Amino acid sequence: MNVKLIGKHEKDARACRDAVALTLNELMGQDKSICYVDCDLMGCINTKQLVQHYPERSFEAGIAEGNAAGVSAGLAATGKKVFLHSFGTFTSRRIYDQIYMSAAYAGLSVRVLGSDAGVTAAFNGGTHMPLEDAAMYLSIPESTVLDPCDYDQLASITKNLVHVEGVSFTRFVRKDVIQVYGEGSEFEIGKGVVLRESAQDQAAVISSGILLDEALKAYEALAAEGIQVRVIDMFTWKPLDEELVVKAAKETGAIVTAENHNVTCGLGSVVANCLAKHCPTVQEFVGVQDLFGQVGPQDFLMDTYGLRAANIVEAVKKAISRK
């Protein structure tokens, strides 16, 4: 990995959707086996350029997500490297059976991209707010589940996905994200990234996606109070970097997970499962607390569901007190 941490809590002028669109445009120019399938959302993700440049390998399935999953599996069966996109709700709840049976069970590789992850669906509301999307893909045998935080991480992951076998699911934000990493940063799927660390760490915050910047803010707030914590970017939820999780647990004695997802079945759950098996440790969970989504601006939703640095700070202090 070649990681350049920015961490200034400033919005990126670039939209994450362009990390997908531009990277796929480059990859499809290099590899004629790569195909792209969309569900009437090319305008939302800026992938109309793929149709213009590679019309024979870019497919518009329309508002028929289940059919799009079947088409993607069929293309994969002919040896194509397939990327399938729709909103996160549709690439999880709506097409789960088709992805499970036609792709995963059949041993075919389909790279599913689910945009507007978690509360970032914002004004599209609860019907379009995927708070359990990753959970569905975590339950698929031998799957890969990813939750990148910004443009550069998503671009790197998209490149690496070409080499990932089986079904993968990447949940991401289309636009208006905080830049965490510098341009050209490279990441290895399946390996977490330690962003802050010291010998005096009293707890470790394991996070990903839009909660990663909140974790870095929490680190700063806690440091100001004399509390040292480790911050880990666990952008790969499956396969989990268990070695890094166990190391953090043994060295700090307390774990806090923070995610833009339902805490009953996401990052916190896979970390808890790892700890239960290898190193039972005090753990607190920051995320959506078993609730449905709703309509509202992202800032309002993050406040409402407790997805802020202040919530992480509170969870860290509680975890430390429980040691």
Exercise for review: Restrict the check to the stretch 289-303 and report whether at least one residue is under 15 Å from A204 (Cα atoms) and without any contact (Cβ under 8 Å) to a residue 60 or more places away in the chain.
Suggested key: no
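Determine which member of the set G126, G118, G107, G114 is touching a residue at least 24 places away in the same chain (Cβ under 8 Å) and touching a His at 6+ places or on another chain (Cβ under 7 Å). Full working, then the answer.
Working: G126 fails: touching a His at 6+ places or on another chain (Cβ under 7 Å); G107 fails: touching a His at 6+ places or on another chain (Cβ under 7 Å); G114 fails: touching a His at 6+ places or on another chain (Cβ under 7 Å).
Criteria check complete, one pass: G118.
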Practice item. Would you check if G209 is closer than 27 Å to K318 by Cα and in contact with a Cys (Cβ under 6 Å, 6 or more places away or on another chain)? Key: yes
Revision key, fill the gap. Taking the stretch 144-182 and keeping residues of a type in the set (A, V, I, L, M) and open to solvent by 10 Å² or more (accessible area, probe 1.4 Å) leaves A155, V162, V164, V173, I178
Check your understanding: A135 fails exactly one of the following numbered conditions: (1) over 17 Å from G287 (Cα atoms); (2) surrounded by fewer than 23 Cβ atoms within 10 Å (Cβ to Cβ); (3) at pLDDT 95 or above. What is the number of that condition?
Key -> (1)
**Study point:** Selection status of G29, open to solvent by 10 Å² or more (accessible area, probe 1.4 Å), in a helix (DSSP H, G or I) and over 20 Å from R171 (Cα atoms)
**Key:** yes
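Please work out which residue is surrounded by the most Cβ atoms within 10 Å (Cβ to Cβ), limiting yourself to the stretch 183-194 and to residues that are in contact with a helix residue (DSSP H, G or I) (Cβ under 8 Å, 6 or more places away or on another chain) and within 22 Å of L244 (Cα to Cα). Working first, answer last.
Of all residues in the stretch 183-194, those in contact with a helix residue (DSSP H, G or I) (Cβ under 8 Å, 6 or more places away or on another chain) come to 183-189, 191-192, 194.
Those still in the list that are within 22 Å of L244 (Cα to Cα) too: 185-189, 191-192, 194.
Details: S185: 20, E186: 16, F187: 25, E188: 15, I189: 17, K191: 15, G192: 23, V194: 14.
Ranking the candidates gives F187 first.
How many of the residues in the stretch 50-97 are part of a helix (DSSP H, G or I), among the polar types (S, T, N, Q) and open to solvent by less than 40 Å² (accessible area, probe 1.4 Å)? So that I can check it myself, show each step before the final result.
Taking the stretch 50-97 first, the residues part of a helix (DSSP H, G or I) are 50-53, 65-77, 90-94, 96-97.
Filter again for among the polar types (S, T, N, Q), leaving 52, 67, 72, 91-92.
Now drop any that are not open to solvent by less than 40 Å² (accessible area, probe 1.4 Å), which leaves 72, 91-92.
Final tally of qualifying residues: 3.
When you scan the stretch 124-146, do you find a residue that is more than 20 Å from I63 (Cα to Cα), aromatic (F, W, Y) and in contact with a Gly (Cβ under 9 Å, 6 or more places away or on another chain), even just one?
Of the residues in the stretch 124-146, the ones more than 20 Å from I63 (Cα to Cα) are 131-132, 134-146.
Next cut, aromatic (F, W, Y) only: 137.
Adding the requirement that they be in contact with a Gly (Cβ under 9 Å, 6 or more places away or on another chain) leaves 137.
Looking for residues that are more than 20 Å from I63 (Cα to Cα), aromatic (F, W, Y) and in contact with a Gly (Cβ under 9 Å, 6 or more places away or on another chain), one finds at least one in the stretch 124-146, hence yes.
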Practice item. Hey, could you check the stretch 32-49 for residues that are in contact (Cβ under 8 Å) with a residue 60 or more places away in the chain and assigned to a helix (DSSP H, G or I) and say which is least open to solvent (accessible area, probe 1.4 Å)? Key: I45
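Going through the stretch 1-17 one residue at a time, which ones are part of a helix (DSSP H, G or I) and open to solvent by 40 Å² or more (accessible area, probe 1.4 Å)? Steps first, answer last, please.
Step one: of the stretch 1-17, the residues part of a helix (DSSP H, G or I) are 16-17.
The one that is part of a helix (DSSP H, G or I) and open to solvent by 40 Å² or more (accessible area, probe 1.4 Å): R17.
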Point to revise | Filtered residues of the stretch 106-132 (kept if within 13 Å of the chain's Cα centre (by Cα) and over 14 Å from G287 (Cα atoms)) | key: V112, L113, G114, S115, D116
Practice item. Answer yes if at least one residue in the stretch 197-212 is assigned to a helix (DSSP H, G or I) and crowded, with 20+ Cβ neighbours inside 10 Å, and no otherwise. Key: yes
Exercise for review: Could you grab me the full set of residues in the stretch 221-270 that are without any contact (Cβ under 8 Å) to a residue 24 or more places away in the chain and farther than 23 Å from T89 by Cα?
Suggested key: A223, A224, E225, G226, E243, K247
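The values are calculated or read from the model by the stated rules, or taken from the named source; none is laboratory data. A quick note: this is a predicted structure, and the numbers were derived from the prediction, not measured. All Cβ positions, glycine included, derive from the backbone under ideal geometry; neighbour counts span all protein chains shown. Surface areas here come from the heavy atoms of the whole protein model, side chains and all, with no ligands, DNA or RNA. Shrake-Rupley method; radii C 1.70, N 1.55, O 1.52, S 1.80 Å.
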